[in-house]
């Protein structure tokens, strides 16, 4: 793993944090939320995936989106699945076909046109993430990514890609979590407002 900038004290770490935070593309984060709301309204699936800390975030965001929005729009559920959550399936594909195919082969069972494939990768160059994005694009799904550094190869495979402009993996992962939470709150609010509008008389 690329260590990025050496950190000698807390101020140096949080200075880098603030620098990267100030450079985030807020409009692109809003676009991701727009696509998730559109997929929700169309009854489409969302698939999340990543490695290491990004795998944890894929599971975390899937939980927030799936459980956290469950009752905010009259019971109409948002359909979301983290491809990082089934250990048996992941290890079976990795063992029999290779680690680089453990997400793409899962997607082949499910992905449909206009679904969402949401990739999370600090480097943007993880082969299993790239292969899953290729399968999603071939199926006509919308491809979304959040990355770091310069975005890696993932950037060219995503319809929308938000890059944390930092060379420090921990800062990248911190801001990926913040982006995930902001996306959840935007999606939640829009779903809840739609429910209130539908319930309002006349």
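Worth a mention:
- Residue 36 surrounded by 13 or more Cβ atoms within 10 Å (Cβ to Cβ), in contact (Cβ under 8 Å) with a residue 60 or more places away in the chain and in a helix (DSSP H, G or I): yes
- Members of segment 139-159 found to be in contact with a helix residue (DSSP H, G or I) (Cβ under 7 Å, 6 or more places away or on another chain) and either in a helix (DSSP H, G or I) or surrounded by fewer than 19 Cβ atoms within 10 Å (Cβ to Cβ) (or both), listed by number: 153, 154, 157
- Highlighted here are the helices (runs of 4 or more DSSP H) found entirely within segment 51-138 that include at least 3 residues which are more than 19 Å from residue 158 (Cα to Cα) and over 15 Å from the mean Cα position of the chain (by Cα): 87-96.
Residues are listed down the side, and each one gets a yes or a no for (1) in contact with a helix residue (DSSP H, G or I) (Cβ under 8 Å, 6 or more places away or on another chain); (2) surrounded by fewer than 24 Cβ atoms within 10 Å (Cβ to Cβ):
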position: 101; (1), (2): yes, yes
position: 105; (1), (2): yes, yes
position: 113; (1), (2): no, yes
position: 121; (1), (2): yes, no
position: 125; (1), (2): yes, yes
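- Segment 160-187, residues that are outside any loop (DSSP other than H, G, I, E, B), surrounded by fewer than 21 Cβ atoms within 10 Å (Cβ to Cβ) and out of contact with any helix residue (DSSP H, G or I) (no Cβ under 7 Å at 6 or more places or on another chain): 169, 170, 178, 181, 185
- Taken over segment 39-55, the residue count meeting the criterion of being more than 16 Å from residue 141 (Cβ to Cβ) and touching a strand residue (DSSP E or B) at 6+ places or on another chain (Cβ under 8 Å) is 3.
- Residue list for segment 70-92, restricted to those being over 14 Å from residue 55 (Cα atoms), touching a strand residue (DSSP E or B) at 6+ places or on another chain (Cβ under 9 Å) and at pLDDT 95 or above: 79, 80
The values are calculated or read from the model by the stated rules, or taken from the named source; none is laboratory data. Treat the numbers as computed from the prediction; the structure is a model and nothing was measured. Note that we place each Cβ from the backbone using ideal geometry, even for glycine, and neighbour counts take in every protein chain shown.
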